[in-house]
Amino acid sequence: MAEDQALRKTLDELPAAIYVTDTDGVITYFNPACIDFTSRRPEVGADRWCVTWRLYTNAGDFLPHEECPMAEAINTRRPIRGVTAVAERPDGTRVTFDLIRPPFLTGMASSRGPSICWKM
């Protein structure tokens, strides 16, 4: 659809890492900022819940992807707010980030799942 292409073009230009999943948490879209943020190319249709390599809480505890804010939002059908976490990149470096836009849950019954936006 032309609307989808226009939206993707706009999201591709934003400096914030943004990704979208389907209603099962499978990544359906990510913008180029996700690659910069995670130092990896997420696999559309294969990666689930999150675009990061690994996740940790602020306290340093490992956070499985199936327990990440996106998974929680999908599983509880509620937006998640006020999250700060640590992403580990494939090279072992870590970056702290904030959830700057809660997962978008409108249209959960449609083919579009929630989207999420992170800020380093």
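Here, each number is a calculation from the coordinates, and none is a lab measurement. The structure displayed is predicted, hence computed values, not measured ones. Heads up, the Cβs are rebuilt from the backbone with ideal geometry, glycines too, and the neighbour counts pull from every protein chain shown.
Of all residues in the range 40-59, those that are surrounded by 14 or more Cβ atoms within 10 Å (Cβ to Cβ) and either out of contact with any strand residue (DSSP E or B) (no Cβ under 9 Å at 6 or more places or on another chain) or not in a loop (DSSP other than H, G, I, E, B) (or both) total 5. Residue-level check: of (1) out of contact with any strand residue (DSSP E or B) (no Cβ under 8 Å at 6 or more places or on another chain); (2) of a type in the set (A, V, I, L, M, F, W, C); (3) surrounded by 13 or more Cβ atoms within 10 Å (Cβ to Cβ), residue 37 misses just (1).
Among the residues of this structure, residue 59 does not count as one that is under 16 Å from residue 98 (Cα atoms), within 11 Å of the chain's Cα centre (by Cα) and small (Gly, Ala, Ser).
Pairs are defined by a Cβ separation below 8 Å, a sequence spacing of at least 6 or placement on different chains, a first member in the range 35-62 that is closer than 13 Å to residue 89 by Cα, and a second member that is acidic (Asp, Glu) and not in a loop (DSSP other than H, G, I, E, B); the pairs so defined are 52/88; 53/88; 54/88; 55/88; 56/88.
Residue count for the range 70-85, restricted to those that are over 16 Å from residue 34 (Cβ atoms) and surrounded by 15 or more Cβ atoms within 10 Å (Cβ to Cβ): 7.
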